[in-house]
Amino acid sequence: MVWLWGMALMGQLAQDQLYWTHTGPDRNRQLVAAASALEGHGMSEPHWDPGAGGLVYEPQVAWPPGYSRLAQGAWLLWQDWWLAARWLSGISAACVVLGAWALFRSLPLRPAWQGEALLLLFWTVSFSPFHHLTDTDAFSVAAALLASALMLRQPQSIRNKILALLCLGLAAWFRIAYLPFFLLPGLLAWVRRRSWLPGLPALGLLLLGACLAGGYLWLFAPRHPVSGDAGSLLAASKWFPDNLLRWDAFALKAWAYFSAEAFVSKLGDWVRWPVHLFVGLANGWLCYTFIRQFRYSQQAPSSAFSFHLLTLLVAVFTLGFLGWLSLRSPAEVHDGSRLWTYVMETRYYAWLLVLIQLWWLMAAFPKEGEGWQRGKRILTGLMLLGGLHGGYRHAAALCLPQHSATAWSAEEQDARKLFDRVAKNRGRVWVMPGRDIRERDLATMATLAGALPWPDSASQPALLPGDTLIGWGRGEAEIRP
């Protein structure tokens, strides 16, 4: 099966470089922070201050510094921000597949070879469950998968749990959402003890996790809250329970994200509601099946119980933390009308989605016994076909001449052209703030190439001879000398 794992790795790398390397606010703003740090301004973003008549650098507090630090090293190696970002994107995709390989090798009950072959074929050509992972998410998920492998390889090993805790710390260095998981190794050791008392090893792991979380908050937590950022939620006073009605159907998206979304969006309202009802019932059935197998795993070997317990704890932590973030912050308006909140973002469930896939394959393709596994295999095959169809449809849009380029690849091309245009300009280049996500992403890339951000205020600087102003019209950049 080694060659199939190689195919999965090459497939994910090809998708990453051909399809998913679109510009995005997470990556672009962290690249700008890395560039500012190399210029001696710390992790910050430049803004034009009309009163001061020059640039001021505001601390970049929306993300931890992990990706920006890696980007600094990549830039020192390549001396090109665009090339550095592409290399980091490919490395992060490879890390996710390698982390999944380490976790698969640590499974207590590996599925039969048919299940492994189906999974690897699925990972080779489909985008699930790594839909829309930005580079920061990919590095975090890879570290979390490695932590899972360490906790499962020798469930009673305290050394492995300490190493897993360090991996979770690395994941939080890229994404603050992994901060609650610092308690995971200690809780895993406590529950496996099957006692109300944690015991010295579990208590030590819990204290170590709490100390690491406290040190993380002291070092990296935002000290200058920005409106809308997760770092300012501790000071929030309002609650937004309506956001919880927008919960993502993450369990099914482990297998068929694109096909399900595209199919449902084309249906009329009279058909869409029954489809949503089916999705809800299917998610409920998956939860029931997992709870049923979790109860049986308590009489199984300790390693099988550890895997089910790990999956359950990751689900509880993920849903609890995302639910809390959505409760404490208002829904953001994207592109003028579309509402967004944390529980809607599929990529935030990526670690859990990999665990769901592996659990389902272990149940559907056991090496011994048949029982009701036959029905699970049929359902697994249908879900795989749906995911493979989505993967083919988007791959065809890139590779076949009769298909047009995807929106993301077109945006990547626009960003590259704008980046080169700004980098080659000898005079001052100003870029106006964008009106939607796409324009803001392009404006950030222009800033990274050396453009000055045009102030969004009544007091604006005067254009000098030779200056160039980049505005926005008809959905694309307008260069006005």
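Once fully extended, how much extra length lies between C287 and W113, figured as 0.36 nm per residue of separation less the alpha-carbon to alpha-carbon distance?
Working: separation 174, 0.36 × 174 = 62.64 nm, distance 2.55 nm.
Here the segment from C287 to W113 would lengthen by 60.1 nm.
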inquiry  = I need the calculated FRET efficiency for the pair R105 and R338, taking r as the beta carbon distance and R₀ as 41 Å, to the nearest 0.05.
reply    = 0.50
request  = With a 1.4 Å probe and every protein chain kept in, tell me what percent of the accessible surface of segment 1-110 is carbon plus sulfur.
outcome  = 65
request  = List the residues whose amide H sits under 5 Å from the amide H of W430, counting only those 5 or more places along or on another chain, with H placed 1.01 Å from N in the peptide plane.
outcome  = L452, T468, L469, I470
Taking segment 173-213 and dividing mean pair separation by its residue count, relative contact order in percent (alpha carbons under 8 Å, at least six apart) = 46
ask   = Under a 1.4 Å probe, what is the accessible area of segment 84-192 per residue, stated in Å²?
value = 32
query = With a ≥ b ≥ c the root eigenvalues of the C-alpha gyration tensor of segment 147-199, is it rounded (a/c under 1.5), prolate (a/b larger than b/c) or oblate?
reply = oblate
key: Global geometry of segment 87-204, whether rounded, prolate or oblate, following the gyration tensor of its Cα atoms and the 1.5 cut on a/c   = oblate
key: Computed label-point distance, nm, for sites L319 and S195 using a 7 Å Cα→Cβ extension   = 3.0
request  = Can you tell me how much longer the chain between L77 and I437 gets when fully stretched, taken as 0.36 nm per residue apart minus their C-alpha distance, in nm with one decimal?
outcome  = 126.6 nm
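The values are calculated or read from the model by the stated rules, or taken from the named source; none is laboratory data. These numbers were taken from a predicted model, which means no experiment stands behind them. Methodologically, a virtual Cβ is constructed for each residue, glycine included, from the backbone with ideal geometry; neighbour enumeration extends over all protein chains shown. Remember, those area values only see protein heavy atoms, side chains included, never the ligands or the DNA or RNA. Shrake-Rupley method; radii C 1.70, N 1.55, O 1.52, S 1.80 Å.
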